[in-house]
Amino acid sequence: MTESKTTANVATLAPPVLILLGPPGAGKGTQARMLEKRYGLVQLSTGDLLRAAVAEGSEAGKAADKVMKSGGLVSDEIVIAILRDRLASPDTAKGVILDGFPRTTVQAEALDELLAESGQKIDAAISLEVDDEAMVHRIAGRYTCGECGEGYHDSFKKPKVDGVCDVCGASNMKRRSDDNAETVAERLAAYHKQTAPLITYYEKRGALQRIDAMGSIDEIATTVSRAVAEATRK
Ligand SMILES: [Zn+2]
């Protein structure tokens, strides 16, 4: 009984389309992989989409290839055309998570029009929200053992002996140069500036889901799952 009901639901429902928004360091990749595993969704990042379309040699892929080879930016029209092809392919039948597109409200409008063609819409724009100051502290405090790769942190995970790896005993700690406080703060500011109009756009349409992304990976995954389940329940 339950089975036939499920089948009927699947047949009548358009597959969910989600957008994942979040600054670098918020764990967007981890959450996307969790959603892929749990719901069979496929993550579509703009870079992967373009590369695949070019490799496949589709009409839109050829157009994209030409622009990229001349060093230009691929137009919204081409990206939308590639996305149209991709959303019609069988592997996205359970739904998709868009990552990196849309970036502007113009793109968001074009995307809404594309989805409307097949009776779809953005079911949820999931915004992983971080506390900027805590985020700077978290990222800027990271370092790793240059020998074995063990991760450490100035506040959260210090080695027993300062500068000496607990695991392998080497004293060759490394910090990524782009993990300093100033660079992290700049990255966050750029993210907020770029994303603010999109947040407003999806908030107005009742599709925005704000998720506190400062907890543990599991806590965030639970909240994200709940939001997705809610958004895709018809
Ligand atoms: Zn080590």
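At-a-glance table
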quantity: Any pair with Cβ under 7 angstrom, 6 or more apart, that starts in segment 162-185 at a residue that is in contact (Cβ under 8 Å) with a residue 40 or more places away in the chain and under 14 Å from Gly141 (Cβ atoms) and ends at one that is within 14 Å of the ligand (Cβ to nearest atom) and of a type in the set (S, T, N, Q); calculated: none
quantity: Filtered residues of segment 94-112 (kept if within 18 Å of Ala231 (Cβ to Cβ) and of a type in the set (A, V, I, L, M, F, W, C)); calculated: Val96, Ile97, Leu98, Ala108, Leu111
quantity: Which listed residue is among the β-branched types (Val, Ile, Thr) and within 24 Å of Gln209 (Cβ to Cβ), from Val54, Val96, Val67; calculated: Val96
quantity: Residue in segment 113-131 that is more than 16 Å from the ligand (Cβ to nearest atom), of a type outside the set (Phe, Trp, Tyr), touching a residue at least 40 places away in the same chain (Cβ under 8 Å) and assigned to a helix (DSSP H, G or I) present; calculated: yes
quantity: Condition broken by Gly151, with the remaining ones in (1) loosely packed, with under 14 Cβ neighbours inside 10 Å; (2) touching a Lys or Arg at 6+ places or on another chain (Cβ under 8 Å); (3) within 23 Å of Ala196 (Cα to Cα) satisfied; calculated: (3)
quantity: Filtered residue count, segment 187-234, keeping only those that are more than 19 Å from the chain's Cα centre (by Cα) and surrounded by 12 or more Cβ atoms within 10 Å (Cβ to Cβ); calculated: 1
quantity: Tabulated pairs, segment 206-218, first within 13 Å of Arg138 (Cα to Cα), second in a loop (DSSP other than H, G, I, E, B) and among the acidic types (Asp, Glu), C-beta under 7 angstrom, 6+ apart or interchain; calculated: Met214/Asp131
quantity: Criterion: outside any helix (DSSP H, G or I), modelled with pLDDT of 90 or more, among the hydrophobic types (A, V, I, L, M, F, W, C) and surrounded by 17 or more Cβ atoms within 10 Å (Cβ to Cβ) - qualifying residue of Leu20, Leu35, Leu83, Leu50; calculated: Leu20
quantity: Residue that is hydrophobic (A, V, I, L, M, F, W, C) and under 21 Å from the mean Cα position of the chain (by Cα), where the choices are Val54, Val130, Val67; calculated: Val130
quantity: Strands (runs of 3 or more DSSP E) lying entirely in segment 136-234 (those with 1 or more residues that are within 30 Å of Ala108 (Cα to Cα)); calculated: 208-212
quantity: Selection status of Ala108, modelled with pLDDT of 95 or more, part of a loop (DSSP other than H, G, I, E, B) and surrounded by 12 or more Cβ atoms within 10 Å (Cβ to Cβ); calculated: no
quantity: Residue count, segment 70-127 (criterion: among the hydroxyl-bearing types (Ser, Thr, Tyr) and more than 19 Å from the chain's Cα centre (by Cα)); calculated: 4
quantity: Which numbered condition Gly119 misses (of (1) at pLDDT 90 or above; (2) surrounded by fewer than 17 Cβ atoms within 10 Å (Cβ to Cβ); (3) of a type outside the set (A, V, I, L, M, F, W, C)); calculated: (1)
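The values are calculated or read from the model by the stated rules, or taken from the named source; none is laboratory data. Since the structure is predicted, the reported quantities are computational estimates derived from the model, not experimental observations. Neighbour counts run over all protein chains shown; Cβ positions are idealised from the backbone, glycine included.
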